[in-house]
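Enquirer: Starting off with a structure, shown below.
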């Protein structure tokens, strides 16, 4: 059983190193990985916003609208999610298309 925990420790250290390397590469302004991550993140946010909008339009709710306050609150929260995720997706896609001017 000791070797299993040694393996878990090594796996945790390697995973931490990979996450750190990934975050460093994403934070570099001229990194291609940064553009790719921002583009994927923007597309995912647009998908989430679309799904939330479909939930608001859909007549079948998680909480029925017959319940006085809770029925409308899930629609309002979903609509707020549509706005926030749409804005985040827009900014992410816009940032992914930006080119950083090179200094001479």
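The values are calculated or read from the model by the stated rules, or taken from the named source; none is laboratory data. On a predicted model such as this, the values are computed, not experimentally measured, just so you know. Neighbour counts are summed over all protein chains in view; Cβ atoms, including those assigned to glycine, are modelled from backbone coordinates with ideal geometry.
Enquirer: Evaluate region 35-51: report whether one residue or more is in contact (Cβ under 8 Å) with a residue 60 or more places away in the chain, in a helix (DSSP H, G or I) and within 20 Å of residue 97 (Cβ to Cβ).
Expert: Initially, region 35-51 is screened for residues in contact (Cβ under 8 Å) with a residue 60 or more places away in the chain, giving 35-36.
Checking which are in a helix (DSSP H, G or I) leaves us with 35-36.
Cutting the leftovers down to within 20 Å of residue 97 (Cβ to Cβ) gives us 35-36.
Checked against the condition, which is being in contact (Cβ under 8 Å) with a residue 60 or more places away in the chain, in a helix (DSSP H, G or I) and within 20 Å of residue 97 (Cβ to Cβ), region 35-51 yields at least one hit.
Enquirer: For residues that are free of Cβ contacts under 8 Å to residues at least 24 places away in the same chain and surrounded by 14 or more Cβ atoms within 10 Å (Cβ to Cβ), scanning just region 53-83, find the one that is nearest to the chain's Cα centre (by Cα).
Expert: The extreme case among them is 55.
Enquirer: May I pose another question? Working carefully through the options 41, 22, find the one that is in the same structural domain as residue 72 (by TED's automatic domain parsing) and either more than 14 Å from residue 81 (Cα to Cα) or touching a strand residue (DSSP E or B) at 6+ places or on another chain (Cβ under 8 Å) (or both).
Expert: Details: 22 fails: in the same structural domain as residue 72 (by TED's automatic domain parsing).
The unique qualifying residue is 41.
Enquirer: Go through region 52-82 and count every residue that is in contact with a helix residue (DSSP H, G or I) (Cβ under 8 Å, 6 or more places away or on another chain), farther than 30 Å from residue 20 by Cα and in a helix (DSSP H, G or I).
Expert: Filtering region 52-82 down to residues in contact with a helix residue (DSSP H, G or I) (Cβ under 8 Å, 6 or more places away or on another chain) leaves 52-53, 55-56, 61-65, 75, 78-79, 81-82.
With farther than 30 Å from residue 20 by Cα added as a condition, the list becomes 52-53, 55-56, 61-65, 75, 78-79, 82.
Then drop every residue that is not in a helix (DSSP H, G or I), which leaves 52-53, 55-56, 75, 78-79, 82.
Qualifying residue count, region 52-82: 8.
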